[in-house]
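Data block below; observations after.
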């Protein structure tokens, strides 16, 4: 009841600003929104480029809570055969949860899980913010992608603080930086980590052999420089491959660029949340290095997330592919859709240009609108526990974020048939060493998907050069982020 009273006081501030001084004498109003007088600058960061700004989300949430009479919500009685509860879960891409859902239902009579899977993280972001703005419609458990976690953190009070359901007791399950990523500036844990995205290099051994390059994965790692692998070497070998075969080296420029940016100490934002692009000489220098390779014919100009319905992975369109752990599952899905398998020749090497890099990974969160918060938090904790993460990895070809699950995969070194029996789990465990969490600002995913991806698409298509592509990115950055 105390929490209900606090929320009602919050809503009084939200819906009746004139009463702020009476209801919120300290200009703060509990866990729903922190600044009564600056909802459009929630948490001190102006919300930009949301189709639905934080203030709109705030208002919708207020109406939703008032409609329920400012009641405490949540679970009144534990689920059982006599008190059945349905829990909805929204994920995206290849999550590998289907068997885990069935296992959880078997072990928890009275729980029925209704899954919803969205094709890509970008579309899942749109879905989440549409429903946040409406004040309803979010599932009981929602998967959040690392790239748009910064946007979620601007409205983190719309998600349950998992500390209320035992997060502190299990925080040591995760690698330290992953648990911290799911914690907001007030110490509220709003997400349990699922996977992380350490990167190794996928390469086509058959294409390498045909070009006179080594194909054994240890020799390939050495070819690129091992622990001292650089992007200079990557593009140098790529040019040799292209000159020998006339074929492309990588699928398209956008994913290579994502990998480069994710290796930087500070990416699109500085650690204190400032945009870090327009006057960033080091970032532009790396962009121009990539642009030179693409202009030289190293890009296959494939459509990202499509690859000709997977056929490009089977027909020799390109020879290398940047591979965070979860991308192995994406490749598997693509190759299955194209009717291809291990005979296509793909392998996975314990090396990556520029060193350790993390791209992506996700979290499970429980929205404040859930009618079954306790049961939802329990499910999220179970799905992300080490034992379940090992099973998820087997199903989705991703890499876990919990310490024990990582150790198990490294020790088992199970062969992955699709990738020439490479011990992908053990390789990813090796690639995870040295990874640090890069700060992701509120528009990080927009900058990645709508700014640089679009500009590099023009470069891939041959309609502009490197300088023109960079200028287009700066134009889009100002249109979509800076001045929006």
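Some observations on this one:
- Cα shape, the stretch 304-347, gyration tensor, a/c 1.5 rule: rounded
- Residue 292 versus residue 436: modelled label distance in nm, points set 7 Å from Cα along the beta carbon direction: 2.7 nm
- Ranked packing of 307-320, 107-120, most packed first, by mean Cβ within 10 Å: 307-320, 107-120
- Additional length obtainable on full extension of the chain from residue 120 to residue 387, 0.36 nm per residue less Cα span: 93.6 nm
- Förster radius 45 Å - calculated FRET efficiency between residue 266 and residue 105 (Cβ-Cβ, nearest 0.05): 0.55
- Spin-label proximity, residue 475 to the stretch 431-465 - amide N less than 16 Å from point 7 Å beyond Cα toward beta carbon: 450-465
- Overall size of the stretch 194-337 from C-alpha positions, given as principal axis extents largest first: 47, 33, 28 Å.
- From most to least packed by mean Cβ count within 10 Å, the peptides 350-361, 323-334 give 323-334, 350-361.
Values in this text are rule-based calculations from the coordinates and carry no lab data. Treat the numbers as computed from the prediction; the structure is a model and nothing was measured. Note: ideal-geometry Cβ built from the backbone for every residue, glycine included; neighbour counts use all protein chains shown.
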